[in-house]
1. Please go through region 49-69 and pick out each residue that is surrounded by fewer than 20 Cβ atoms within 10 Å (Cβ to Cβ) and among the hydrophobic types (A, V, I, L, M, F, W, C).
2. Taking Val59 as the residue in question, decide whether it is closer than 19 Å to Gln28 by Cβ, out of contact with any Gly (no Cβ under 8 Å at 6 or more places or on another chain) and among the aliphatic types (A, V, I, L, M).
3. Somewhere in region 48-56, is a residue out of contact with any Lys or Arg (no Cβ under 6 Å at 6 or more places or on another chain) and not in a strand (DSSP E or B)?
4. Scan region 57-68 and give yes if some residue there is in contact (Cβ under 8 Å) with a residue 12 or more places away in the chain and within 12 Å of the chain's Cα centre (by Cα), otherwise no.
5. Considering only residues that are buried (at least 17 other Cβ atoms within 10 Å of the Cβ) and not in a strand (DSSP E or B), which ones fall in region 115-129?
6. Answer yes or no as to whether Val34 is touching a strand residue (DSSP E or B) at 6+ places or on another chain (Cβ under 7 Å), at pLDDT below 75 and closer than 30 Å to Tyr112 by Cβ.
7. Given the criteria polar (S, T, N, Q) and over 15 Å from Val44 (Cα atoms), does Asn117 qualify?
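The values are calculated or read from the model by the stated rules, or taken from the named source; none is laboratory data. Remember, it's a predicted structure, so these values are computed and weren't measured experimentally. Quick reminder, even Gly has a Cβ in these numbers, built from the backbone with ideal geometry, and neighbours come from all protein chains shown.
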Amino acid sequence: MKRLLFMTLLFTIAVSAAWGQAGKLRHQGQFFSVGPGDQVTLTVPAGVVMTDAQVTFSVPGSISNAASLFISDDTGNVLVYELVNNTTFHAGIDLQSGVPSAGALNITLSCYNIVGNHCTGAIMWSGFVSATP
């Protein structure tokens, strides 16, 4: 029994030392109020694994498909594109594994260029510091 407890303690110390800063949760969020054709972008810093991104907001009631949430990497590839739901006024992704950032992983809300459109709400991402950036 003592040997098992000792081995468990050594394993816990080794894992804690190996992770150091790794595993620490990170997040960023921002309130926005933008007009037609405008965008709001948050950038996930290098060394962070983004695990989810969310946007909630309000728009004029008569405008459907007024905005979208998309995530793109430093090469310009769009990894996720989602229209904001017209009923819940929400869009988001929740990943099991996450997307590592090299410093240019962008989370963007695009308020579509529709006459009378105006998007007000909040955008956010969360994730954790990776062991190897």
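1. Within region 49-69, Ile63 is the sole residue that qualifies.
2. For Val59, the condition - closer than 19 Å to Gln28 by Cβ, out of contact with any Gly (no Cβ under 8 Å at 6 or more places or on another chain) and among the aliphatic types (A, V, I, L, M) - is not met.
3. no
4. No.
5. Asn117, His118
6. So Val34 does not fit the description; no.
7. yes
Results for (1) over 23 Å from Thr87 (Cα atoms); (2) in contact with a helix residue (DSSP H, G or I) (Cβ under 6 Å, 6 or more places away or on another chain); (3) at pLDDT below 80, shown as yes or no for each residue.
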{"site": "Leu5", "(1), (2), (3)": "yes, no, yes"}
{"site": "Ala14", "(1), (2), (3)": "yes, no, yes"}
{"site": "Ala18", "(1), (2), (3)": "yes, no, yes"}
{"site": "Gln21", "(1), (2), (3)": "yes, no, yes"}
{"site": "Val40", "(1), (2), (3)": "no, no, no"}
{"site": "Val44", "(1), (2), (3)": "yes, no, no"}
{"site": "Gly47", "(1), (2), (3)": "yes, no, no"}
{"site": "Thr51", "(1), (2), (3)": "yes, no, no"}
{"site": "Ser64", "(1), (2), (3)": "no, no, yes"}
